[in-house]
1. What residues in the stretch A:362-407 lose 40 Å² or more of accessible surface when the other protein chains are added to their chain alone (1.4 Å probe)?
2. A:K6 versus A:N18, label points 7 Å from Cα toward the beta carbon: distance in nm?
3. Over chain A, with the other protein chains present, what is the accessible area per residue in square angstrom, probe 1.4 angstrom?
4. Kindly provide the helix-only [θ] at 222 nm of the protein assembly as shown, computed as the sum of -39,500 (n - 2.57) over DSSP H runs of four or more divided by all residues, to the nearest 500 deg cm²/dmol?
5. So how much slack lies between A:K308 and A:K85, counting 0.36 nm per residue of separation and subtracting their Cα-Cα distance, in nm?
6. Which of the cysteines in chain A are isolated, no other cysteine C-beta under 4.7 Å?
7. For a test of the definition: using alpha carbon positions, the gyration tensor, and the 1.5 limit on a/c, classify chain A as rounded, prolate or oblate.
8. Considering only A:V346, A:V118, A:V61, give the residue with the highest GNM mean-square fluctuation for chain A, with springs between Cα atoms whenever their separation is below 10 Å.
Amino acid sequence: MDIIVKKEKCVGCVLCSNECPYGAITLVDERHELEEGLKAKFAVRLAVIDRDKCTYCGQCVPVCPFGAIEIIREEATFEGKEEYKGVMVFGEIRDGILETYTFELTGKGRELADKLGVPLTGVLIGKDLKKYAQDMIYHGCDRVILAEHESLEHFLAEPYTKILTAIISEYKPEVFIAGSTTMGRALFSRVAAKIGTGLTADCTGLDIDGEGNLIQTRPAFGGSVMARIKTPNHRPQMATVRPRVFKKAPEDRSRTGEVIKFPLTEDMLTSRVKFIDYIVDETSHVNIEEADVIFSGGRGIKGPDSFKMLFELADMIKGAVGASRVAVDEGWIPYSHQVGQTGKTVAPKMYLAFGISGAIQHLAGMQTSDFIVAVNKDPEAPIFKVADIGIVADLFEVVPLLKKKLEEKLKNA
Amino acid sequence: MRIVVCVKQVPDPENAKMDWETGTVVREGVKNIINPFDLYAIEEALRIKEKLGGEVIVISMGPPQAEEALREAIAMGADKAILITSRDFAGADTLATSYTLSQAIKKIGDVDLIICGKQAIDGDTAQVGPGVSAHLDLPQITFVGKIDEITEDRIRAERMVEGGYQVVESPLPCVITVVKDINIPRLPSLKGKIAAKKAEIPQWGPEDIDADPKRIGAAGSPTMVEEVFAPELKKEGRIYSEDQIEEAIEKVIEAMEKMGVL
């Protein structure tokens, strides 16, 4: 792998060095000739890349208006790519229930399968799965593979991995997607490493290119840049997908499909890690990862008591309560509520931020929400830059009034 | 107890500012830090060592300047650090990275526990910890918010999952990844800082860890970044002042109705 600056195209501006997150690009005084077609014949400065600092992240490449930076890379090779056909979707069973975001995956999976002209296969692991197999067929799958066993009731990475790798080697899908939940990430990371294929995390866009490759779009650096990623040679092309981004497949009860029971061996069911217990987080009535609406509090909330106001609001419309890092570090609310770079990334239909200034690490966790409301006394707070509705006022005036109006609205509805 | 902690050096987000005109991040002077989640990993390793004895070895794969991050780890109290660095490792995706780290861990040998941060804040993948565990064929416990109990040969931990905690138990050796809830990382002591200055940090290349050249760096990476681009900018919203609270709230409720969250 190498990164080069084409001298004849580098005019010596600072765009690339400003962009580099690692400080690897400096401009040195060096007079050099420019290629024809550029405004000047010579430039007096040249971008130089320090390879001891460069991580080849590629952010500098698109910012150069003259195409002066190029990354040269060797491609990884893989045997037998052509044998892999079809799209596969992993349906997440949590506490014995099929997570409904699975239908977002079958919706997207159906679209990809149709573009490729291949079948869509669902995969379920757990116990008593028949009902859900049918649901997956109603929501777009052509067939569903079931791995059912008493001992598979709770997620454990080892048996789930052994089963998925066996299913992959038997059915050879070209694309395999799961949700980017704690289960999806823990499982797919292990599976991809075991079989030695590519995995792209937390995708917000999936498409098929002209060569039949899966084009995976995902945010990086906390959503401040987007990357388009391919797995050109390896199969399956694996991706975890952010829940609540894609539309759910509509239910069609006239659809039929095959349900296949996957044969399990003793070895597949063994796990060195043992499940002991599941403890429900009592403070969260609704998970912030799954809520349609989140009421979030920051420094301006001033203390734990005021979070009660937000919980009251949230309870009225089945929303969840989020918090900024400051509020969590102050001990006003547990960490499970923290939104941002060192907390959770959320993208609800509506995010309401109360007394949150909007540090970049917070924005990274919520800026992809569909609709953002910000309430803050400081008109300069960066949160207003991402808000659809901003209210420059005291949250302690806004919250009670919002609650009152919401009550009226719900009563009349 | 021999504990290995895997860390990554990342750009400091506090140094970044959003350019709202272009939607890109502008960095004012570049400062790199230890990935915040890895600080919890280092701290937890130190606490376990204080309880059970043994040593804490911190490793990082990265360019030569990642040595700074390893010195910081020694300043916090780690016993040793090893930098895994070579041009041949460059361009690694999570598969090649986890393979490389696992080869280094094999080379260290007799490791009882491997701790990683849940994810790095630049890539946000959470894939390297489980990847290391898969390559070493060890049990994995991801997203650990609390270690209930740890002995020479067993660990019981709470995994932070959606809506609660999953309590699991595993024999050692195993790989765990940790979240912020697990502890509050200590600051470097003066003694630590002196040790960090003096410490010799060996650099290991591909031959030192018996790495298969086809499985490291870009050559060992199935995924390829095709393009990096700025996200679409949101259009500026409407800002209401203090005397327009009533009107603003009506608009909020209208929006709630429109978004279907009522």
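The values are calculated or read from the model by the stated rules, or taken from the named source; none is laboratory data. On a predicted model such as this, the values are computed, not experimentally measured, just so you know. Cβ coordinates were reconstructed from backbone atoms using ideal geometry, including for glycine residues, and neighbour counts include every protein chain displayed. The area values use the complete protein model at the heavy-atom level, side chains included, leaving out ligands, DNA and RNA. Shrake-Rupley method; radii C 1.70, N 1.55, O 1.52, S 1.80 Å.
1. A:K385, A:D388, A:I389, A:G390, A:I391, A:V392, A:L401, A:L402, A:K405
2. Label-label distance for A:K6 and A:N18, simple model: 2.3 nm.
3. Here the per-residue accessible area is 40 Å².
4. Helix contribution divided over all residues of the protein assembly as shown: -8000 deg cm²/dmol.
5. Roughly 75.1 nm would be gained on extension.
6. So, A:C10, A:C13, A:C20, A:C54, A:C57, A:C64, A:C141, A:C203.
7. The shape class here is oblate.
8. A:V61
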